[in-house]
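> Handing you a structure now.
The values are calculated or read from the model by the stated rules, or taken from the named source; none is laboratory data. Keep in mind the model is a prediction, meaning the values are calculated, not measured. Virtual Cβ from ideal backbone geometry, glycine too; neighbours counted across all protein chains shown.
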Amino acid sequence: MAFSYIDIFAGAGGLSEGFQRNGYIPVAHVEMKKEACLTLKTRECFYYLKKHGRIEDYKNYLRREITRDELYAMVPETVLNSVINETMSEEGMPALFDRIDQLMEVQGIENIDVLVGGPPCQAYSLVGRARSKTNMVGDPRNYLYMLYCEVLEKYRPKIFVFENVPGLLTANGGSYFDDMRERFRKAGYFLEYRILNSKEYGVLQNRRRVIVIGWREGTDFTYPELDKKEQKYLVDDLFSDLPYIEPGESRNVYKCKSTEYLRESGIRTEDDILTLHQARPNLERDRKIYRQVIEAWNNGQKRLKYTELPEELCTHNNRTAFLDRFKVVAKDMPYAQTMVAHISKDGHYFIHPDIKQARSISVREAARIQSFPDNYFFEGGRTASFLQIGNAVPPLMASAIAKKLKEQLMEEEANG
C-alpha cells in the first residue's frame with residue numbers, strides 16, 4: 001500500500017529520500033534553489049528508471065556518457081514536473097496550490113497522506129543568530145512556518161513531519177515555537193516534538209534536530225518510537241574505500257572493496273559508480289594548519305584551538321570566538337561532527353583525517369557523513385553540492401521516521 005506525500009522546503013531531498021525508500025509516492029517537491037531542484041529531478045530519474053528496469057541509463061549519466069538533458073528526456077515530464085522551483089511566499093501560495101492540484105490530478109491522487117519539510121534553519125540556529133547583526137530579528141525566514149501551516153490547511157494530510165534545529169525551541173524567547181504550535185492546533189492538528197540525534201539511527205554523525213510530528217484531529221496516531229541502531233562502527237568506515245586525492249583533485253574510482261558499514265547502511269552497493277569525490281583547493285598556509293590539527297588529534301586526541309596555532313599561521317583578528325574553526329573529522333570516533341551549510345564556504349571545520357592528504361573533505365565524503373548513498377548525485381557543482389549536503393536531513397534518520405509512520409498509516413487503513 002502506497003501513501004502520498006508533499007515535501008516543502010525540500011532542499012536536496014534528504015527527508016524525501018527516507019520516505020521514497022519506504023514506498024511513499026511523492027506528489028510534489030517545492031524548493032527555492034535551482035541547483036537543489038536539479039538534484040531532486042535527477043533523483044526522480046533514478047527512482048523512475050530503477051522501477052522500470054532501466055538503471056543502466058542512470059548509470060550512464062553518472063559515467064558522463066550521456067548529458068543531463070538526455071537523462072531527463074528518458075522519463076515522463078510528469079515525473080520532472082513534480083519538482084517545483086519556487087520561493088514560497090504569501091502572495092505565491094494560490095499559484096503554488098494550483099500547480100500541486102494539477103500534479104494530484106495527473107497522478108490520480110485524491111488526498112495527501114503526509115506533509116514533510118523543514119524551513120531554512122538560519123533564523124533559529126544559534127550560530128546563525130550569533131553571526132547576524134540583528135540576531136535575526138525581522139528576518140522573514142522566522143515566519144516560514146506560517147506558510148507550512150497554510151499547506152496543512154489546504155491539503156489536510158493525516159500526518160506531518162516538521163524538521164528544524166534545536167534553536168527553534170528558544171528563538172525569540174520561544175515565542176516563534178509557541179506561535180507555531182498554536183497555529184497548527186487551530187489548523188486542526190495535535191503535535192509532539194522530540195530532539196532526535198541522527199547517530200542513533202545508523203548515521204555516523206552527531207546531529208541533533210527537532211522533529212515535530214503532528215496528526216489530524218480525529219485520528220489515533222501517536223509520536224512513533226523509532227528503531228534505534230547499535231553503533232559499532234567508526235568514521236574510518238566511511239572513508240577507507242575512497243582513493244587518495246590532493247586538494248583540488250577529483251578521482252572517481254574506488255580504492256578497494258566496500259566496508260561492512262557502507263554495505264549495511266546501503267550507502268555503497270557492489271555495482272555503484274563513484275562520483276563527486278572532489279576536494280576543494282586549499283591554500284598552503286591552511287594545509288600547514290591542517291597538518292598540525294591532524295597531528296594533535298592523532299597523537300593524543302587533542303582538539304587544537306585557533307589560539308594554540310603558531311602565530312605566523314593566525315591571520316584572523318578574532319581571537320575570542322569560533323576558536324574551534326579548524327577541526328579534523330576524526331577517523332577513530334564513532335561519529336563525525338555536525339555537518340553544516342558553512343562547508344560550502346570553506347572546509348576548515350571538516351579536515352580529512354589523513355595527514356598525507358592534508359585537505360578538507362570531498363563532496364562524496366560529506367554526503368556519506370550525511371548518509372546519502374553513493375548513487376545520489378548532487379547537481380550544480382562543488383560549492384552548490386556542499387550547500388545542499390550541509391542543509392540536508394540525513395536519509396537514514398528520515399527513513400527511520402518514514403518506516404514507523406507507515407506502520408501507523410497501514411494500521412489505520414486496515415481498521416477502516
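> Here is a list: R194, R263. Which entry is in contact with a Phe, Trp or Tyr (Cβ under 8 Å, 6 or more places away or on another chain) and on the phi < 0 side of the Ramachandran plot?
Only one candidate qualifies: R194.
> I would also like to ask the following. Counting just the residues of region 373-400 that are in a loop (DSSP other than H, G, I, E, B) and in contact with a Gly (Cβ under 7 Å, 6 or more places away or on another chain), which one comes out surrounded by the fewest Cβ atoms within 10 Å (Cβ to Cβ)?
P373
> Further question: Yes or no: R251 surrounded by 14 or more Cβ atoms within 10 Å (Cβ to Cβ) and either over 23 Å from the mean Cα position of the chain (by Cα) or at pLDDT below 95 (or both)?
For R251, the condition - surrounded by 14 or more Cβ atoms within 10 Å (Cβ to Cβ) and either over 23 Å from the mean Cα position of the chain (by Cα) or at pLDDT below 95 (or both) - is met.
> In region 20-33, is there at least one residue being exposed (fewer than 14 other Cβ atoms within 10 Å of the Cβ), of a type in the set (D, E, K, R) and farther than 23 Å from M397 by Cα?
The answer is no; no qualifying residue exists.
> Find the residue count for region 1-48, including only residues that are free of Cβ contacts under 8 Å to residues at least 40 places away in the same chain and in contact with a Cys (Cβ under 9 Å, 6 or more places away or on another chain).
Result for region 1-48: 0.
> Still on this structure, I have one more. Could you please let me know if K345 is closer than 24 Å to N164 by Cα and of a type in the set (D, E, K, R)?
Judged against the criteria, K345 is a match.
> Taking the conditions exactly as written (more than 30 Å from K186 (Cα to Cα) and in a helix (DSSP H, G or I)), does L234 satisfy them or not?
For L234, the condition - more than 30 Å from K186 (Cα to Cα) and in a helix (DSSP H, G or I) - is not met.
> Please count how many residues of region 256-298 are in contact with a Leu (Cβ under 8 Å, 6 or more places away or on another chain), among the charged types (D, E, K, R) and not in a loop (DSSP other than H, G, I, E, B).
Total satisfying the criteria: 2.
> Looking at D346, D332, which is the one that is surrounded by fewer than 20 Cβ atoms within 10 Å (Cβ to Cβ), assigned to a loop (DSSP other than H, G, I, E, B) and modelled with pLDDT of 95 or more?
Going through D346, D332 in turn, the sole match is D332.
> Still on this model: Within the group A12, A36, which residue is out of contact with any His (no Cβ under 8 Å at 6 or more places or on another chain) and not in a helix (DSSP H, G or I)?
A12
> Across region 148-175, which residue is farthest from I25 (Cα to Cα) among those that are among the β-branched types (V, I, T) and crowded, with 20+ Cβ neighbours inside 10 Å?
V165
> Please find, within region 61-90, the residue that is nearest to N252 (Cα to Cα) out of those that are out of contact with any Leu (no Cβ under 8 Å at 6 or more places or on another chain) and assigned to a helix (DSSP H, G or I).
L62
> A further question follows. Which condition breaks for R208 when tested against (1) surrounded by fewer than 17 Cβ atoms within 10 Å (Cβ to Cβ); (2) on the phi > 0 side of the Ramachandran plot; (3) in contact (Cβ under 8 Å) with a residue 60 or more places away in the chain?
(2)
> So, one more: In region 343-368, how many residues are of a type in the set (D, E) and either in contact with a Pro (Cβ under 9 Å, 6 or more places away or on another chain) or within 11 Å of L276 (Cα to Cα) (or both)?
Here the count works out to 1.
> Another one. Condition check: touching a residue at least 40 places away in the same chain (Cβ under 8 Å) and over 18 Å from P395 (Cα atoms). Does R54 satisfy that?
no
> Is it true that K327 is without any contact (Cβ under 8 Å) to a residue 60 or more places away in the chain and under 20 Å from the mean Cα position of the chain (by Cα)?
When the stated conditions are applied, K327 does not pass them.
> Go over the candidates A28, A2 one by one and state the one that is touching a strand residue (DSSP E or B) at 6+ places or on another chain (Cβ under 8 Å), assigned to a strand (DSSP E or B) and among the small types (G, A, S).
Matching residue, one of A28, A2: A28.
> Condition (residue is modelled with pLDDT of 95 or more, among the β-branched types (V, I, T) and surrounded by fewer than 15 Cβ atoms within 10 Å (Cβ to Cβ)) applied to region 234-243: is it met by at least one residue?
no
> Also: If D98 satisfies every condition in (1) within 22 Å of P120 (Cβ to Cβ); (2) assigned to a helix (DSSP H, G or I); (3) among the acidic types (D, E) but one, which is the exception?
Among (1) within 22 Å of P120 (Cβ to Cβ); (2) assigned to a helix (DSSP H, G or I); (3) among the acidic types (D, E), the lone unmet condition for D98 is (1).
Residue-wise test of (1) among the basic types (K, R); (2) touching a Leu at 6+ places or on another chain (Cβ under 8 Å).
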residue: V161; (1), (2): no, yes
residue: P166; (1), (2): no, no
residue: V212; (1), (2): no, yes
residue: R216; (1), (2): yes, no
residue: T222; (1), (2): no, no
residue: P247; (1), (2): no, no
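> Can you name the residue in region 165-202 that is modelled with pLDDT under 95 and either among the β-branched types (V, I, T) or outside any helix (DSSP H, G or I) (or both) and, of all such residues, is nearest to G14 (Cα to Cα)?
Among those residues, the one meeting the criterion is V165.
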